[in-house]
Every structure is written in C-alpha cells, then in structure tokens.
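Notes for the one structure printed next.
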Amino acid sequence: QVQLVESGGGVVQPGRSLRLSCVASGFPFSSYTMHWVRQAPGKGLEWLTLTSYDGVNKYYAESVKGRFTISRDNSRNTLYLEMNSLGYEDTAVYYCAKGVMWNFPGLGYKDVWGKGTAVTVSS
Amino acid sequence: IQMTQSPPSLSASVGDRVTITCRASQNIINYLNWYQQKPGKAPNLLIYGASTLQSGVPSRFSGSGSGTDFTLTISSLQPEDFATYYCQESYSMPMTFGPGTKVNIK
C-alpha cells in the first residue's frame, strides 16, 4: 500500500525553526520526485517545493525561498522540510506528496498525499 | 503563471451536471491537473494532463481544454462529490494552484 506519513509539526514561536519529516512506503521512493504543499487555515493549496528523485534538483516557491530547505534520504525513504525564520504566515497544514517518476516528461502531478502535519506559529 | 477558477463556489443537486473552469495567464499547453479536497482531508488527484483520468477515479469526472482554458466536468453529481476542486498548472515553476471551487449541496 502506497503511503506517506508526515510528522514534526507543532506549535513554534515566531523566528524559530522546525523540521518536518515524511516517511514513504509501498513504492520505490528513490525513483520519484517529491513535493511539499501547505494549506493555511481556511485557505487554498500552496505548492512550496520539490526535490528530484536523486535530491540534486530542488525548486522553491518565492514565499519560502531562502527560509525553507527540502531534502531527502533515499536510504531511509524519508523526505524532509527544514523551516527557518518562521512567521505567523507559515501557520498551515503541511502535506508531502509523491510526484512523478524520474523519467516522466515534465513536472507532472501529485498522485499520493500524506494526511498532513499541522504547524502553528504563535508567541 | 496565474491561475483563476470560476465560479468560486456553486450550489448543485445530486444528478446535476457541473462544470468548473480554470484559466491560466499564459499558454500551458495541456500541463494542467485537477484535485478534489474534502474538509479535513488531503487532496486527491482526479485528472492530469488536462484530460487523463487518474486510476480509480469515477468516469463521471472528465477534463478538457488546452492552452489557457480548461474545464472539469462532473456528468452526474453524486453525494460524495461535494468538495472543493483545485486546478494546478505543471508547465513551470512554481506549479501554481488555482484558488479553488467549492461545490455545495443545493
């Protein structure tokens, strides 16, 4: 069964850091692009970042560029999101999502999502 | 690339045909995906490449369009289809989502 399980969310003060994890199972993790997407309370979906299957290529939304870092450990089937300098605007549910295989022509789609982990930035 | 959706919300009855429109600010060819999200749940991929139905998705869902204008159609709305629907372009970074269309029960 293909599954993604996020963890690491919680309440954090403004300006502090947090690291989210996403453990994958049921598919060859090291062959797939992976994404992080977030959703602020009552708002729509916001794509944040992706990493290529090998972790070499990474892309970020402007809203998190320079503050967030995506990484992956293919030996542990785990995706990470390191979040620094957190602000109130980063309060959201954070989802990891499985992208497309390494040889897919284009950026593709996200066909498997985790249940999400909630991050609340509060003083 | 900016993505817009219309309408922002709609009310419909079970059995109705529902059409949601998504427009891109520039030509994205057919690099357009549709997701369904129910309250408190993660999004679910419905359609990719503008018109390809994801495995396991009921055939009452269909997608069409190319260039800048796209539509998601539900041919006969079912009770489980009441949700918010998002389009997302996959032509270029940052893979922008549309603002969503909420489908309510009439």
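Annotations for the structure displayed:
- Applying the set (1) at positive phi; (2) surrounded by 19 or more Cβ atoms within 10 Å (Cβ to Cβ) to B:S90 leaves exactly one unmet item: (1).
- Candidate set from region B:78-87 (those that are touching a strand residue (DSSP E or B) at 6+ places or on another chain (Cβ under 9 Å) and more than 7 Å from chain A (Cβ to nearest Cβ)); member that is farthest from B:G65 (Cα to Cα): B:P79
- Unique match (being crowded, with 17+ Cβ neighbours inside 10 Å, within 8 Å of chain A (Cβ to nearest Cβ) and in contact with an Asp or Glu (Cβ under 7 Å, 6 or more places away or on another chain)) among B:Y48, B:Y31: B:Y31
- Elements of the type strands (runs of 3 or more DSSP E) sitting completely within region A:6-66 and holding at least 1 residues that are under 14 Å from the mean Cα position of the chain (by Cα) and at pLDDT 95 or above: these cover A:18-25, A:32-39, A:45-51, A:58-60.
- Residues of region A:100-123 classified as outside any strand (DSSP E or B), among the polar types (S, T, N, Q) and touching a strand residue (DSSP E or B) at 6+ places or on another chain (Cβ under 9 Å), total: 1
- Among the residues of region A:92-123, the one identified as among the aromatic types (F, W, Y), more than 10 Å from chain B (Cβ to nearest Cβ) and within 17 Å of A:R38 (Cβ to Cβ) is A:Y94.
- The residues on offer are A:N77, A:N103, and the sole one that is surrounded by fewer than 21 Cβ atoms within 10 Å (Cβ to Cβ), polar (S, T, N, Q) and under 30 Å from B:N30 (Cα atoms) is A:N103.
The values are calculated or read from the model by the stated rules, or taken from the named source; none is laboratory data. Just so it is clear, the model here is predicted, and its values are computed rather than measured. So basically every Cβ, Gly included, is an ideal-geometry build from the backbone, and we count neighbours across all protein chains shown.
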